[in-house]
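J.: Dropping a structure here in structure tokens format, bear with me for questions.
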Amino acid sequence: YADAARAALPAVVHIFTSKEVRGQRSPFANDPLFRHFFGDRLDNQPQQRASGLGSGVIVSPEGYILTNNHVIEAADEIEVALNDGRKLPARIVGRDPESDLAVLQVKANAKLPAITFGRTEALHVGDVVLAIGNPFGVGQTVTMGIVSALGRSHLGINTFEDFIQTDAAINPGNSGGALVDASGHLVGINAAIYSRSGGSLGIGFAIPVSLARNVMEQIIQTGSVTRGWIGVEVQAITAELAESFGMVSSEGTLISGVMRGSPADRAGVRPGDVLLAVGGRQVNDPQAMLEAIAALAPGLKAEFQLRRGKEKLGVQVEIGRRPALSRAE
């Protein structure tokens, strides 16, 4: 796999972040006697800088870099170290907290080495993958494993989840780095690990390149990500819930609330309705509904298949724009 690593390594960068934080307040700040002698000097603690590290992937010769949102979200200064040793200041082009992705840009005198994108649909369980990043800040590192599972969701990590699971060792500092296939093509952005110790236990998660590329292109074009929204609260239909409501089956997702004045409310959707399909796409659980609606363009009218009591009906809903970090779908 040396050829694959050689092809991908130049496009993987180290990201160093820092932010200014207030120094720790004196434990005697509220003591009247100490205040009598020292006055407000107890409150004027020196500013300190907290630092962090992560990884990123150069996706364009013009210096665009894809990384995780959690790597850079709290930073006020970002520096990128290239594979050849150069260090460049970076600016944030845009962030998408709901998919935990962000795009940075650096300015260089020459075109930068960009990674080649792979195809998520060509990836299979058992395929060999390499994880490239900067674990624990030790420097650029390549680890190897296989794809353990695809389409992992319901993990509670991000709002939008469709993770590639791998046993390639991923550790703190790898976040935002590249997951590449045996040809060195980017198939995912390393995002999270399952760990009880802080180290790799052989369960790592990467954001698939199909999702990452869509988010990246929207951020580069507009600075943000636009998703569909209809303004409902939903919950999964368990066997117990289906029995208590007298439902004939547990398929679909239960609409437990409708926001007043929202697209769903204007279309006549009611609490207690069961959503079965969105634009012909079957909905089996709340996550599937969220993804189906988010994929629709605001302003588009879509057919929603509902079950109300024992009756099935279709309603036309004009899709709205999803508010940032909305809790209602």
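The values are calculated or read from the model by the stated rules, or taken from the named source; none is laboratory data. This one's a predicted model, so the numbers in the text were calculated from it and none came from an experiment. Heads up, the Cβs are rebuilt from the backbone with ideal geometry, glycines too, and the neighbour counts pull from every protein chain shown. The accessibility values were calculated without ligands, DNA or RNA, using every heavy atom of the protein model including side chains. Shrake-Rupley method; radii C 1.70, N 1.55, O 1.52, S 1.80 Å.
J.: How much length would be gained if the chain were fully extended between Arg119 and Lys310, taking 0.36 nm per residue of separation minus their Cα-Cα distance, in nm to one decimal?
T.: Stretched fully, the Arg119-Lys310 segment lengthens by 64.5 nm.
J.: Grab the beta carbon distance between Ile146 and Asn214, set R0 = 25 Å, and tell me the FRET efficiency rounded to 0.05.
T.: 0.45
J.: Which residue fluctuates most in the GNM of the chain (Cα springs below 10 Å): Ala212, Ala122, Ala294?
T.: For the chain, modelled as a Gaussian network with Cα springs under 10 Å, the answer is Ala122.
J.: Just read off the accessible area of Asp84 with the full protein assembly in place, 1.4 Å probe, to the nearest 10 Å².
T.: It works out to around 100 Å².
J.: Could you work out how much longer the chain between Asp84 and Ala182 gets when fully extended? Use 0.36 nm per residue separation minus the Cα distance between them, nm to one decimal.
T.: Details: separation 98, 0.36 × 98 = 35.28 nm, distance 2.30 nm.
Roughly 33.0 nm would be gained on extension.
J.: Suppose each label sits 7 Å from its Cα in the direction of the beta carbon; what would the Glu62-Glu318 distance come out to in nanometres?
T.: Label at Glu62, label at Glu318, 3.4 nm between them.
J.: Also, I was wondering about something else. Considering only lysines 8 or more places apart in sequence, or on different chains, count the pairs in the chain whose C-alpha atoms sit under 23 Å apart.
T.: 5
J.: Let me have the relative contact order for the chain, percent, based on Cα pairs under 8 Å that are six or more residues apart.
T.: On the way: 826 pairs, mean separation 45.2, N = 329.
Reported as a whole number, the value is 14 percent.
J.: Just grab the label-to-label distance for Tyr194 and Asp127, each label 7 Å out from Cα along the Cβ direction, in nm (one decimal).
T.: 2.1 nm
J.: Let me know the shape class of the chain, please: from the alpha-carbon gyration tensor, a ≥ b ≥ c as square roots of the eigenvalues, rounded when a/c is under 1.5, otherwise prolate if a/b is greater than b/c, or oblate.
T.: oblate
J.: Quick one: length gained pulling Ser244 to Glu77 fully straight, 0.36 nm per residue minus the C-alpha distance? Each step should come with its number before you reach the end.
T.: Numbers: separation 167, 0.36 × 167 = 60.12 nm, distance 5.45 nm.
Difference between extended and current length: 54.7 nm.
J.: Moving to a separate point now. To the nearest Å, what is the center-to-center distance of the range 251-329 and the range 101-115, using C-alpha atoms only?
T.: 39 Å
J.: FRET efficiency for Asp265 and Ala297, Cβ-Cβ distance as r, R0 = 25 Å, nearest 0.05?
T.: 0.80
J.: Roughly what angle does helix 209-222 make with the longest principal axis of the chain, taking Cα atoms, 0 to 90 degrees, to the nearest 10?
T.: Rounded to the nearest ten degrees, it is 80.
J.: Please report, as a whole percent, how much of the solvent-accessible surface of the chain comes from carbon and sulfur atoms (probe radius 1.4 Å).
T.: Taking all protein chains in place, the chain shows 50 percent carbon and sulfur surface.
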